[in-house]
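I have placed the structure first, in the form of structure tokens, so that the comments after it can refer back to it.
The values are calculated or read from the model by the stated rules, or taken from the named source; none is laboratory data. All values reported here derive from a predicted model rather than from experimental measurement. Cβ placement follows ideal geometry from the backbone for every residue including glycine, while neighbour counts extend to all protein chains displayed. Quick note on the areas: whole protein, heavy atoms, side chains included, nothing else; ligands and nucleic acids left out. Shrake-Rupley method; radii C 1.70, N 1.55, O 1.52, S 1.80 Å.
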Amino acid sequence: MANPLRGEVVKLYKSLLFLGREYPKGANYFRDRLKTAFMKNRDETDPEKIKQLIARGEFVIKELEALYYLRKYRALKKRYYETNE
Amino acid sequence: FWSSRCLIGFGPGRFRYTPPTTTFTGITVKPVRLVLRLVLKSLDECSRSAEKKSENMARVLVGVKRVIDYAVKIRVKPDRTGVVTDGVKHSMNPFCEIAVEEAVKLKEKKIVKEVVAVSCGPQQVQETIRTALAMGADRGIHVEVSGKEYESLGPLQVSKIMAALAKKEEAKIVILGKQAIDDDCNQTGQMTAALLDWPQGTFASEVTVDGDKLKVVREIDGGLETIKISLPAVLTADLRLNTPRYATLPNIMKAKKKKIANVKPGDLGVDLTSRVEVLRSQQGATGSSDAREGAVLGRWTNRRNGPNWAFETVAFLAPIPMATGPIQNHDPRPCCV
């Protein structure tokens, strides 16, 4: 069974849900997509495949963090710094 | 009684010891006690001298402010006394996030030993301190200010609090964000340095340690300026200082164990009376700058928050020097107070 990895998957889901609160298109939009994405792979049993999917999830976490940072940086730069163009 | 049965050492060897005869009790016990005392004393001295020699005794104080989130559209209250803050999403000031990240980076480089996050305000400010703890601060200090006092809390009061705390916590470096995105004052860092009589490195876009001094690259109009300031010092973080890390869920869970101390401004001996009174706020129209009416000066607030911003008319309750000069619409650093 994939029981030892179940905890990892749940942790990943919780982290993504937490990150999704600030999603620009809305937390609900993000949560629906997240749920369908996780439910699509609910019947996986091969530990290798599950590890790959978890790695993909962690990649998405990094992408979201980068998205939030860039959004904030660009907004502040636009507001506080004169553009020379 | 116990002197004749005193145990030397612990563990299996203790039963091998045979107690001395009573005639020698007086002589055998004294050396044991003496030896123990000497050992403990030398250990104590060792640790104390290690502490003195260690350069990692430095502590960093970071000020964080809870402001309306940068992405939220600002609305002025219907009675025009301020900006709507109830039910509006709040978060940590972006420049304060950069300040916290810099402090944590200094700790990771082992230049400082401890990072203390400080915030002033009502109970809700604790979530901002928790975010700072999740980003890597070691402990937090919550200075309780609520109600009327919180509404009139300005850079002068906050800098008095920060100065008092820096002295109390014996901090070597105080790092603040360069300005808050709600009042855009850009004064707290400078005032704190003045009150402590410490050198300041404001608008820092790069900070390096050079011996026992700090080399700070500042972003100024027209370029970059590199200065060398001695410790202790006050730093103000600019946008390009670093990339603040996101406070992820596992880090927030870990941060729940960290302590947040509650302090009252009275305990620090700080007087919070404000010399500034907000007269009215109004939704700003682009391009209006008719503000001056004698001692009444207009002040931009939340000005940089996109197309909706608020314009506060503010009166001074005590004579203070005013920065004179034409008010420019696009001056990022407002020239009042």
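Tell me, please, whether a residue that is closer than 16 Å to B:I181 by Cβ and open to solvent by less than 30 Å² (accessible area, probe 1.4 Å) can be found in region B:110-122.
yes
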(message) Can you confirm whether B:K167 is of a type in the set (K, R), closer than 25 Å to A:Y80 by Cα and open to solvent by 60 Å² or more (accessible area, probe 1.4 Å)?
(response) no
(request) Taking B:T188 as the residue in question, decide whether it is touching a Pro at 6+ places or on another chain (Cβ under 7 Å), among the polar types (S, T, N, Q), surrounded by 13 or more Cβ atoms within 10 Å (Cβ to Cβ) and under 27 Å from B:A134 (Cα atoms). (result) yes
(request) Find the residue count for region A:66-78, including only residues that are within 13 Å of B:R245 (Cα to Cα), more than 9 Å from chain B (Cβ to nearest Cβ) and either of a type outside the set (A, V, I, L, M, F, W, C) or surrounded by 14 or more Cβ atoms within 10 Å (Cβ to Cβ) (or both). (result) 1
(request) Please give the number of the condition A:K51 fails out of (1) closer than 25 Å to B:K89 by Cβ; (2) open to solvent by 100 Å² or more (accessible area, probe 1.4 Å); (3) in contact (Cβ under 8 Å) with a residue 40 or more places away in the chain. (result) (1)
(request) Scan the strands (runs of 3 or more DSSP E) fully inside region B:205-276 and keep the ones with 2 or more residues being more than 14 Å from every other protein chain (Cβ to nearest Cβ) and touching a His at 6+ places or on another chain (Cβ under 6 Å). (result) B:260-263
(request) Give just the number: which of (1) in contact with a helix residue (DSSP H, G or I) (Cβ under 9 Å, 6 or more places away or on another chain); (2) open to solvent by 80 Å² or more (accessible area, probe 1.4 Å) does A:G57 not satisfy? (result) (2)
(message) If the requirement is being in a loop (DSSP other than H, G, I, E, B) and more than 10 Å from chain B (Cβ to nearest Cβ), which of these qualifies: A:E44, A:E63, A:E82, A:E8?
(response) A:E44
(message) Looking at A:R21 and the list (1) open to solvent by 70 Å² or more (accessible area, probe 1.4 Å); (2) more than 11 Å from chain B (Cβ to nearest Cβ), which single condition is not satisfied?
(response) (2)
(message) Condition first: within 12 Å of B:M92 (Cα to Cα) and either in a strand (DSSP E or B) or of a type in the set (S, T, N, Q) (or both). Now tell me which residues in region B:119-151 satisfy that.
(response) B:S119, B:Q124, B:Q126, B:T128, B:T131
(request) Scan region B:220-245 for residues that are surrounded by 15 or more Cβ atoms within 10 Å (Cβ to Cβ) and either more than 19 Å from the chain's Cα centre (by Cα) or among the charged types (D, E, K, R) (or both) and jot them down. (result) B:I227, B:I229, B:D238, B:R240, B:R245
(request) Search region B:61-83 for residues being more than 13 Å from chain A (Cβ to nearest Cβ), open to solvent by 50 Å² or more (accessible area, probe 1.4 Å) and over 21 Å from the mean Cα position of the chain (by Cα), and hand back the single one that is farthest from A:A75 (Cα to Cα). (result) B:D79
(request) Return yes when B:E101 is acidic (D, E), closer than 22 Å to A:K78 by Cβ, crowded, with 22+ Cβ neighbours inside 10 Å and at pLDDT 90 or above and no when it is not. (result) no
